[in-house]
Amino acid sequence: MSNSITVLGIFVADLCFKGKNIPRVGETQIGDNFKINPGGKGSNQAITIAKLEGDVNFITRIGEDEYGKMALEIHRSNGVKVDGVIKDSNKPTGVAGIFIDEKGNNSINVIPGVANNISKKDIDNNLDNLKKSKIFLTQLEIPIEVNMYALDKAKENNCITILNPAPANIIDKQYFKLIDYFTPNETEVEFYLNRKIDKIEDLNKAGNDLLNLGFKNIIITLGEKGAYFKSENEEYLVDEYRLKNKVIDTTGAGDVFNGAFACALANNKKIKDAIIFANKVAAISTTKLGAANSIPTLDQVNSN
Ligand code: RIB
């Protein structure tokens, strides 16, 4: 079987505002720095895989505009295969407004733009790539019925499926069985279980409850606290990666984790080793400003 990975999701241009704090409702602040960077969870994941020297196809829609050109430029220059990137002049490429505070925390509003036009037909048109893929990875920034259709097709074609449920959205329970790895962060777990996750001790029950819903393997990303894994037979916490440098911007760290995890699985790493690797790559990405621009190469990861 090939090692290739198909990622379905969006590209958007991230309009990043860095300042002391994330502005509160009704507040105006004078910030420190503004930059337009490539972003979108699916695109960030695909670029992570390519930078780690994985074989990756990306399925999305971009507009015929400046941000669409930015997408193609960053995908091509990093080696993401773009046969599944459809140019659609009906709407503009999406954007995200991102506020980042001095500790690197963020708050994001995404307008998916033309990526909202991604359809089941786009998945059908990419079946050849899906058939050749070992892994299918997606998130929830496109119309959810297309995500679910694609997961179904991926399973039909024997792919290992990873759903990063970000941003959290209602998933019909008939689809839970299609998901081999469910990778929420703590906030997303709270959405699916409808209760607060306050302490590390809450994770065991959360893991059990998610398994009982029908997901096969659960990975809860915990930011600077590492990651938690639960399956029918195993449960463990993977510690955070101790960074040598200061955290500048956590935007996209979850995407980098998912891309790196998929890449490690495609290379036949054991699940625990794949999580340790993904934690490290994601942590390194937080030491630079931006989502896609902060993703380290495999050489940078190995020398860190
Ligand atoms: O996960 C970070 C990403 O979420 C950003 O790049 C932004 O575009 C949003 O999609």
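The values are calculated or read from the model by the stated rules, or taken from the named source; none is laboratory data. Note that the structure is predicted; figures quoted are calculated from it, not measured. In this analysis, Cβ positions are derived from the backbone assuming ideal geometry, glycine residues included, and neighbour counts consider all displayed protein chains.
Quick one: which of PHE257, PHE215 is buried (at least 23 other Cβ atoms within 10 Å of the Cβ), more than 16 Å from the ligand (Cβ to nearest atom) and of a type in the set (Phe, Trp, Tyr)? The unique qualifying residue is PHE215.
Restricting attention to region 170-186 and to residues that are under 15 Å from the mean Cα position of the chain (by Cα) and among the hydroxyl-bearing types (Ser, Thr, Tyr), the residue that is nearest to ILE271 (Cα to Cα) turns out to be TYR181.
Looking at region 56-71, can you tell me whether even one residue there is under 18 Å from VAL256 (Cβ atoms), away from the ligand (no atom under 16 Å from the Cβ) and buried (at least 20 other Cβ atoms within 10 Å of the Cβ)? Yes, the conditions are met somewhere in region 56-71. Step by step: first the residues of region 25-49, then only those that are aliphatic (A, V, I, L, M) and within 16 Å of the ligand (Cβ to nearest atom), then the one that is farthest from GLY97 (Cα to Cα). Which residue is that? Among residues in region 25-49 that are aliphatic (A, V, I, L, M) and within 16 Å of the ligand (Cβ to nearest atom), the one farthest from GLY97 (Cα to Cα) is ILE49.
LEU15 meets each of the listed conditions (1) more than 22 Å from LEU127 (Cβ to Cβ); (2) in contact with a helix residue (DSSP H, G or I) (Cβ under 7 Å, 6 or more places away or on another chain) apart from (2). Within region 141-193, the only residue that satisfies the criterion of being charged (D, E, K, R), closer than 19 Å to ILE108 by Cβ and away from the ligand (no atom under 16 Å from the Cβ) is GLU190. When region 254-268 is filtered for residues that are of a type outside the set (A, V, I, L, M, F, W, C) and touching a helix residue (DSSP H, G or I) at 6+ places or on another chain (Cβ under 9 Å), the ones remaining, listed by number, are GLY254, ASP255, ASN258, GLY259, ASN267. From the list ASN126, ASN106, the one residue that fits, being surrounded by fewer than 22 Cβ atoms within 10 Å (Cβ to Cβ) and within 16 Å of the ligand (Cβ to nearest atom), is ASN106.
Evaluation of GLY214 against the conditions (1) farther than 25 Å from LYS280 by Cα; (2) modelled with pLDDT of 95 or more shows that the sole unmet condition is (2). When SER231 is tested against (1) within 17 Å of the chain's Cα centre (by Cα); (2) surrounded by fewer than 21 Cβ atoms within 10 Å (Cβ to Cβ); (3) modelled with pLDDT of 95 or more, exactly one condition is not met: (1).
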